[in-house]
Amino acid sequence: MILPQKHSFTGTTIFTIMSALAQEYNAINLSQGFPDFPIDEELSALVAEAAAKGFNQYAPMAGLPMLREAIANDFKSRYGIDVDKDTEITITPGATYAIYTAFSAILQPGDEVIVLEPAYDSYIPNIETNGAIAVPVQLTAPDFHVDWDKVKNAITPKTKALILNTPHNPTGAVWQKSDWDKLADVVRDTDIVILSDEVYEQLIFDGQQHYTVMQHPELRARSFALYSFGKVFHNTGWKIGFCIAPADFTTAFRRLHQYLCFSVNTPAQYALAHHLANGGRQPVYKMLQQKRDLFLDLLSQTGFSIYKPASGSYFQVAGYERISDLGDVEFAQWLTKEYGVATIPVSPFYSNKKDDKLVRFCFAKKDETLRTAVERLSKLNG
Ligand SMILES: Cc1ncc(COP(=O)(O)O)c(C=O)c1O
């Protein structure tokens, strides 16, 4: 039997490969983006409370009302914007699912989608699975800013959507307010829909501010904004996220969502709702900025080159050109096997596998994990 291959990416993702290699070689895993420190005790207690209180059956399709209300209040207090919990917020099993569902809600075969690269690895397979065509536009190194002329030139009558990510995985770059204005200029006379992947919205450093697409009324009216609790509360394994979109977009999104998974883990939603309502959002950026600074300081004693400290996310990209001539995938595998530190090569984030001899480190780790990892890296010549 021949089954259809619905997208052009075959094989296993680099995240799975590197995490498996890390395990096999007992390496310190700075590859996949997840913290190695515990979640807030209140949050764990709240899941147990939810189960004990009987919150164990299907939640409403759009998500528990109390969680949607807590999100709306949170956006009001942090961004000063009004979000309608009933018509604009949908709880999802993670942001990856929300991105896929948003694409499915809008794409028809033959549509084109602009993808700013390097890009999170699910975007292009999601686009292609929906019969659409990804049109990559490369960000400009070393600060990975958007070249708006390149974006303008990539637009055709078939362009249906553009997906962006700020703060950015893998580079840690952050959009400025002016980027949103430029995006608005570029799409103004088109029907292009924006997917704004803001899963790292709260991981932003050096006194900078995250501007959400939701704060730009003109763009908000044509956008799906996608979020993940996993990145805020250190619980990536819970896989709970949400989508905020205008009422008509939300209707289209839910039309698919109700048949894709119908509803999302109830005890986890209960716990997140109460944690949020209790003001549970720690200023997570403070802890992660301290980790970024520690990691940069430690890494400066090695042969790796830092072109720009991460402005957001929990990733730092570093060059290894002073250490090795290997391609980045081979280098990352060699580093894991020989030095016991797993990273992610950056070339798999490009559809043309552009290799700038960069690897991505995740610094959302205990201080001792970072210290031990860099101790190993300092043995490299460079
Ligand atoms: C840019 C980006 N978008 C989305 C996600 C996925 O979030 P979730 O775990 O909620 O599916 C990630 C996770 O690493 C990410 O880096």
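The values are calculated or read from the model by the stated rules, or taken from the named source; none is laboratory data. In this text, all values refer to a predicted model and were calculated from it rather than measured experimentally. Every residue, glycine as well, gets a Cβ built from its backbone with ideal geometry; the counts of neighbours run over all protein chains shown.
At a glance:
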read-out	value
Filter result (under 10 Å from residue 253 (Cβ atoms), hydroxyl-bearing (Ser, Thr, Tyr) and assigned to a helix (DSSP H, G or I)) within the range 85-110	101, 104
Residue 59 vs. criteria assigned to a helix (DSSP H, G or I) and away from the ligand (no atom under 16 Å from the Cβ)	no
Residues that are more than 23 Å from residue 283 (Cβ to Cβ), within 14 Å of the ligand (Cβ to nearest atom) and surrounded by 23 or more Cβ atoms within 10 Å (Cβ to Cβ), drawn from the range 239-268	243, 264
Qualifying residue in the range 221-238 (condition: hydroxyl-bearing (Ser, Thr, Tyr), modelled with pLDDT of 95 or more, more than 11 Å from the ligand (Cβ to nearest atom) and assigned to a loop (DSSP other than H, G, I, E, B))	no
When residues of the range 63-104 are limited to those that are more than 23 Å from the chain's Cα centre (by Cα) and of a type in the set (A, V, I, L, M), the one surrounded by the fewest Cβ atoms within 10 Å (Cβ to Cβ)	66
Among the residues listed as 331, 304, the single one being over 30 Å from residue 135 (Cα atoms) and either of a type outside the set (Gly, Ala, Ser) or free of Cβ contacts under 8 Å to residues at least 40 places away in the same chain (or both)	304
Hits in the range 143-182 - residues which are in contact with a helix residue (DSSP H, G or I) (Cβ under 8 Å, 6 or more places away or on another chain), of a type in the set (D, E, K, R) and either within 13 Å of the ligand (Cβ to nearest atom) or more than 20 Å from residue 312 (Cβ to Cβ) (or both)	152, 160
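Residues checked against (1) touching a Ser or Thr at 6+ places or on another chain (Cβ under 7 Å); (2) of a type in the set (Gly, Ala, Ser); (3) surrounded by 14 or more Cβ atoms within 10 Å (Cβ to Cβ); (4) not assigned by TED's automatic domain parsing to the domain that holds residue 21:
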position	(1), (2), (3), (4)
296	no, no, yes, no
304	no, no, yes, no
311	no, yes, yes, no
319	yes, yes, yes, no
328	yes, no, yes, no
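Okay, residues lined up against (1) surrounded by fewer than 20 Cβ atoms within 10 Å (Cβ to Cβ); (2) in a helix (DSSP H, G or I); (3) not acidic (Asp, Glu):
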| residue | (1), (2), (3) |
| --- | --- |
| 180 | no, yes, yes |
| 201 | no, no, no |
| 206 | yes, no, no |
| 214 | no, yes, yes |
| 219 | no, yes, yes |
